[in-house]
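**Student:** Okay, here's the structure, questions in a sec.
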């Protein structure tokens with residue numbers, strides 16, 4: 001599929017499509033761990049304590065990232081109760097709010113799980129793996145609006161690859177990764193793919209011609 | 001999936017996929033703002049040759065919750081009732097820019113004709129065609145069954161579940177669609193009807209057939225689905241000597257409902273003839289999910305509209 | 001006694017059909033002069049002005065006779081006229097058709113049947129023998145003036161309420177008795193109306209799935225059973241239209257074994273198509289009696305092969321497009337058939353080895369002419385016979401395209417189907433009416 005200015009298909013788990021193309025690893029497991037640790041502390045520092053905090057991961061890979069951040073935050077706050085964790089993070093599916101549905105095959109929606117205490121008056125941190133055009137986040141903001149009225153919404157991403165098409169910026173970034181439009185950012189997480197890695201995949205000659 | 005015309009055209013995967021989307025839709029409907037922007041700008045036309053307020057409203061609600069615009073064409077007081085042909089009506093809708101047509105007709109095959117005659121190029125949803133099929137009804141029945149009998153598993157089929165369907169099978173599109181869908185998803189189905197109301201060719205269907213309701217219920221089914229029976233047809237059509245005789249033999253009475261397993265649920269597509277095919281007390285009892293079926297109907301129809309409209313039409317034509 | 005209808009102001013030139021096989025047997029040439037077969041054999045003496053038609057590899061058959069056609073005129077001219085219907089007949093190799101009486105007005109008086117016969121004469125494409133209605137207005141209440149129609153200029157011998165059944169047993173008995181006095185025959189459309197109220201298709205596995213009201217086989221069989229017993233009782237001839245079920249074949253076989261004077265016909269479409277065709281809800285497959293099961297198709301093929309079924313008759317039933325472009329239960333019933341009949345008989349019976357071309361002559365020409373008392377039709381391809389014949393090339397295979405048909409009706413269920421055989425020449429009273437699929441305009 002050629003890369004258009006539509007939202008990259010972060011909602012569909014990808015198989016390892018690096019075979020045959022030219023790819024380079026930009027983040028390994030250690031770097032990812034350190035990045036998430038830093039982001040967790042940034043979130044705590046910029047917020048007002050974890051009681052008002054809700055981390056909502058955007059399916060698919062935003063969800064395990066949100067969970068990892070929640071674990072870090074809970075540990076830092078000295079909380080060990082698993083109940084605390086389910087109140088601290090959740091999932092926000094944005095399929096129904098996308099602006100590019102009719103130019104793609106049918107997307108199956110994923111579950112949305114909002115903590116029982118809701119989002120009203122709290123600080124919501126949206127969590128995603130890659131920030132690109134910004135359209136996914138715009139859709140997420142619309143979805144949030146239908147669920148409640150947070151006091152504030154922030155954005156944490158593992159990778160910011162540039163090429164924004166909307167006035168959206170991340171508050172917490174694991175790594176800034178300048179890319180060209182023809183390149184693909186391939187994120188893998190152990191929860192979904194068995195390994196933690198971020199690769200930049202340059203198109204093969206044929207793909208480049210199509211892009 | 002380009003049209004939603006009959007369960008016979010669905011694969012198990014497609015059916016489960018639509019049901020999974022329906023679960024998702026259900027979830028969104030418990031938020032403070034229930035409207036989704038997914039189909040904004042699309043126009044859905046309800047083309048109803050037969051009166052059916054409840055189905056039409058259900059489709060209207062589903063379309064509106066997805067931000068689509070809805071236009072209602074109903075038979076009375078329109079050019080349809082003045083004898084305009086289905087073909088001319090379809091050409092008119094195409095010219096007016098309908099993005100999808102939901103059609104309900106008294107003629108078996110009407111939806112299929114609309115989808116394939118070449119008069120209109122848009123997705124067609126069958127809201128009931130004669131005695132042939134009512135696929136969204138079967139989907140909402142299945143959705144409801146699954147929530148009660150396989151709770152917590154939105155991807156489950158109905159394997160191992162036994163459903164008894166009772167009533168006028170001969171004239172029932174709900175029965176036909178349900179037999180197809182329930183067995184597609186692995187359920188065991190028993191049809192219960194008087195002999196004259198079982199089609200001659202039904203012996204070829206993948207279900208059991210019984211003329212004795214008590215015998216079928218003695219097997220302890222997980223669900224009993226009562227079909228709507230037209231009272232006038234029973235006596236007027238010479239099928240039964242009296243309404244009382246039908247109720248006695250095939251009605252879901254309080255006693256019969258009480259003998260069901262504790263977990264068993266009772267369904268009915270509506271509208272009900274209280275006291276005829278189903279006792280009022282049974283319809284109002286905790287094991288009745290009849291009211292819930294109505295809500296399920298909106299979720300399922302939202303899911304069907306989503307799968308047909310919120311998609312690349314080129315994919316659909318590639319499938320053709 | 002009616003004579004042929006040839007336009008006698010133009011005398012046809014002598015015609016030599018060379019190298020063909022009459023009845024598919026030995027190669028023999030035929031010389032046609034002045035409307036008759038003048039000579040048959042090899043190395044014939046040929047007049048200098050004779051037209052020569054090369055018929056190498058072709059079969060020569062006596063002109064086909066259709067005992068069951070709907071020409072729709074008067075009253076149904078949107079669907080077909082005598083002119084267009086007889087053109088279609090000629091293209092199909094027919095030199096005579098019996099035109100059914102369910103027109104508007106109904107052909108239940110001498111006046112209407114004479115009008116139809118005159119229209120046929122004027123068109124000149126084939127002999128038109130009007131069928132008279134059995135009951136006034138086809139209402140099934142009282143007998144029409146059968147004797148008047150028999151004695152009219154149209155000389156009606158076949159009477160039928162086709163489209164509807166003569167279901168009142170007393171009326172059927174009276175009709176059977178009445179026609180004995182002038183050697184007429186009642187052709188029954190066997191369909192018990194009470195058992196088939198609102199019926200849309202054969203009652204069976206497919207109708208159960210599709211939710212369409214069924215037309216049970218017993219509704220046909222019970223009427224046939226009653227009628228053959230009536231015919232036996234009063235000592236009368238009976239003809240059964242468009243037989244479609246295995247049970248009906250069994251009843252006819254039983255009746256013939258007992259010496260009952262019953263004849264039966266089957267349509268070309270019932271020799272091939274089954275109710276599975278209905279699954280797409282395309283009303284081109286909607287017909288009365290309906291398409292049945294594969295077992296029924298096999299039974300009627302066998303019945304035709306062993307003579308239980310005497311003839312093939314098309315039941316050619318053209319309809320305007322709007323009558324078919326509708327929901328199934330609102331669409332008209334009927335299929336066209338004149339221009340595809342012989343191809344279908346070749347496909348289902350000759351190519352399957354169940355009928356020889358000699359048998360084809362019997363079932364499509366000789367026997368229908370005999371039942372309909374058509375004296376100039378179905379005659380042997382021998383010296384002295386009227387020159388009503390066709391030259392059929394069994395070799396080509398073509399995709400059926402109703403747009404090419406002369407019939408106004410485009411409702412052929414064989415559209416898009418490859419069918420064998422092509423009509424090279426149709427000759428009516430010595431005059432070619434169709435050459436290589438094109439009607440010969442005068």
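**Student:** May I ask for the angle, rounded to the nearest 10°, between helix B:53-65 and the longest principal axis of chain B, with both axes built from Cα atoms and the value confined to 0 to 90°?
**Tutor:** Helix B:53-65 sits roughly 50 degrees off the main axis of chain B.
**Student:** How much length, in nm to one decimal, is gained on full extension between residue C:352 and residue C:233, taken as 0.36 nm per residue of separation minus their Cα-Cα distance?
**Tutor:** Numbers: separation 119, 0.36 × 119 = 42.84 nm, distance 3.86 nm.
Between residue C:352 and residue C:233, full extension yields 39.0 nm more.
**Student:** Just from the alpha-carbon atoms, what are the Rg and Dmax of the stretch B:135-294 in angstroms?
**Tutor:** 14.5, 46
**Student:** Which number do you get for Rg(Cα) / (2.2 N^0.38 Å) in the stretch B:101-190?
**Tutor:** 1.21
**Student:** Looking only at chain B, where both bridge partners belong to it, what percent of the DSSP beta bridges are antiparallel (to the nearest 5)?
**Tutor:** 5 percent
**Student:** Based on Cα positions only, what radius of gyration and what Dmax would you give for chain C, in angstroms?
**Tutor:** Over chain C's Cα set, Rg and Dmax evaluate to 20.6, 67 Å.
**Student:** Rounding to the nearest 10 and keeping the result within 0 to 90°, find how far the Cα-based axis of helix C:82-91 lies from the longest principal axis of chain C.
**Tutor:** Helix C:82-91 sits at roughly 60 degrees to that axis.
**Student:** Above 29 angstrom, tally the Cα pairs of the stretch A:29-181 and express them as a % of all pairs, no decimals.
**Tutor:** Pairs farther apart than 29 Å: 13 percent.
**Student:** Now for a different question. Would you mind telling me the antiparallel percentage of the DSSP bridges in the protein assembly as shown, rounded to 5?
**Tutor:** In the protein assembly as shown, approximately 30 percent of DSSP beta bridges are antiparallel ones.
**Student:** Taking the DSSP beta bridges in chain C as the whole, what percent of them are antiparallel, to the nearest 5? Walk me through the intermediate numbers first.
**Tutor:** Working: 28 of 58 bridges.
Close to 50 percent.
**Student:** Starting with the fewest neighbours, write out B:70, B:289 ranked by other beta-carbon atoms found within 10 Å of each beta-carbon.
**Tutor:** Starting with the residue having the fewest Cβ neighbours, the order is B:70, B:289.
**Student:** At 222 nm, what helix-only mean residue ellipticity would chain B give, in deg cm²/dmol to the nearest 500, using -39500 (n - 2.57) for each DSSP H run of four or more?
**Tutor:** Details: 13 runs with 130 residues, N = 320.
Value at 222 nm, helices only, nearest 500: -12000 deg cm²/dmol.
**Student:** Find the centroid of the Cα atoms in the stretch C:241-305 and in the stretch B:194-262, then give the distance between the two in whole Å.
**Tutor:** 36 Å
**Student:** Something else: Taking the beta-carbon count within 10 Å as an exposure proxy, list C:284, C:179 from fewest neighbours to most. It would help to have the intermediate numbers written out before the result.
**Tutor:** Numbers: C:284 21, C:179 25.
Result, fewest neighbours first: C:284, C:179.
**Student:** Which of these, C:84, C:69, C:104, has the largest mean-square fluctuation under a Gaussian network model of chain C (Cα springs below 10 Å)?
**Tutor:** C:104
**Student:** When the scattering of the protein assembly as shown is computed by the Debye formula from its Cα atoms alone, each counted once and equally, what is log10 I(q)/I(0) at q = 0.09, 0.10 Å⁻¹?
**Tutor:** Log10 I(q)/I(0), no solvent term: -0.99, -1.11.
**Student:** Same structure again: Mean residue ellipticity at 222 nm from the helices of chain C, using -39,500 (n - 2.57) per DSSP H segment of n ≥ 4 over the full residue count, to the nearest 500 deg cm²/dmol?
**Tutor:** When only DSSP H runs of four or more count, the value is -6500 deg cm²/dmol.
**Student:** Hey, another quick one. Consider all pairwise Cα distances in chain B and report the whole-number % of them above 27 Å.
**Tutor:** That tail contains 43 percent of the Cα-Cα pairs.
**Student:** If you wrap a convex hull around the C-alpha atoms of the stretch C:39-86 and split its volume per residue, what is the figure in Å³?
**Tutor:** Value for the stretch C:39-86: 166 Å³ per residue.
**Student:** What is the order of C:324, A:175, fewest Cβ neighbours within 10 Å to most?
**Tutor:** A:175, C:324
**Student:** In degrees from 0 to 90, rounded to the nearest 10, what is the angle of the helix C:218-234 Cα long axis to the longest principal axis of chain C?
**Tutor:** Tilt of helix C:218-234: around 70 degrees.
**Student:** What residues of the stretch C:207-241 lie in the reach of a label at residue C:182, counting those whose backbone N is under 19 Å from a point 7 Å from the Cα along Cα→Cβ?
**Tutor:** C:236-239
Every read-out reported here was derived from the displayed coordinates using simple, explicitly stated rules and does not represent laboratory data. Keep in mind the model is a prediction, meaning the values are calculated, not measured. Here Cβ is always computed from backbone atoms with ideal geometry, including for glycine, and neighbour counts include all displayed protein chains.
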